[in-house]
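Can you read through this structure? Questions will come right after.
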Amino acid sequence: MRRGWRSAGAACGAGLFILCSPAMLSAAPCDQFDPTGPERSAQITLNSGDFVDERRDEMRSFIATGSLGKVDVSVRSATPGGIVRGVSATPEVSRFSPHYGEQLKGIAIVVSLKSGAASATVVLNLRQVCAEYFRRTVLYY
């Protein structure tokens, strides 16, 4: 009979230890270098404020996500239609930051346009492995 009480006491103690230990209950960190990891997505709109040259044939932006995971990009819409020549979205660490030189993990976006796109608007669908958030920044590449 005593043996049963000791086993029950040990089981209760182990259960209490597991419940009180936050490290045991926390989820495993996301592996941003695992292409099959969990993904988050967002829509990003680029417009005339994102042109980087006077020819107005290239838009650039940097989206802070907190991840360097695999990125998928697609063009949702473009105005005027057919103006997009190519799109590139690559995971990178920012080279510049407005906050004391810190480096931000995120997505560098480059959209090449056909000439004559003075007032173009491009909406992109972005999806990234282990992205924590999607924040437009003042950083351009």
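The values are calculated or read from the model by the stated rules, or taken from the named source; none is laboratory data. For clarity, every value in this text was computed on a predicted model and none was experimentally measured. Here the Cβ positions follow ideal geometry from the backbone for every residue, glycine too, while neighbour counts run over all protein chains shown. Protein only, heavy atoms only, side chains kept; ligands, DNA and RNA dropped before computing areas. Shrake-Rupley method; radii C 1.70, N 1.55, O 1.52, S 1.80 Å.
Can you sort T121, T79, T137 by solvent-accessible area, 1.4 Å probe, largest first? Don't skip to the answer; put the middle values down first.
Values: T121 50, T79 85, T137 30 Å².
Most to least solvent-accessible, the answer reads T79, T121, T137.
Considering only DSSP states other than H, G, I, E and B, which chymotrypsin sites (Phe, Trp or Tyr not before Pro) in segment 32-110 qualify as loop sites with at most 10 other Cβ atoms within 10 Å?
On the way: sites: F33, F51, F62, F96, Y100; in loops: F33, F96, Y100.
Filter output for segment 32-110: Y100.
Further, regarding this structure: If you take the beta carbon distance between R85 and V138 as r and set R0 to 35 Å, what does 1/(1 + (r/R0)^6) give as a FRET efficiency, to the nearest 0.05? Write down the numbers at each step before the final one.
Details: r = 25 Å, r/R0 = 0.72.
Rounded to the nearest 0.05, the efficiency is 0.85.
List the trypsin sites (Lys or Arg not before Pro) within segment 44-112 that DSSP assigns to loop and that have no more than 15 neighbouring Cβ atoms inside 10 Å. List each step's numbers first, then the result.
Working: sites: R55, R56, R60, K70, R76, R85, R95, K105; in loops: R55, R56, K70, R95.
Those that pass, being in a loop and sparsely packed, are R55, R95.
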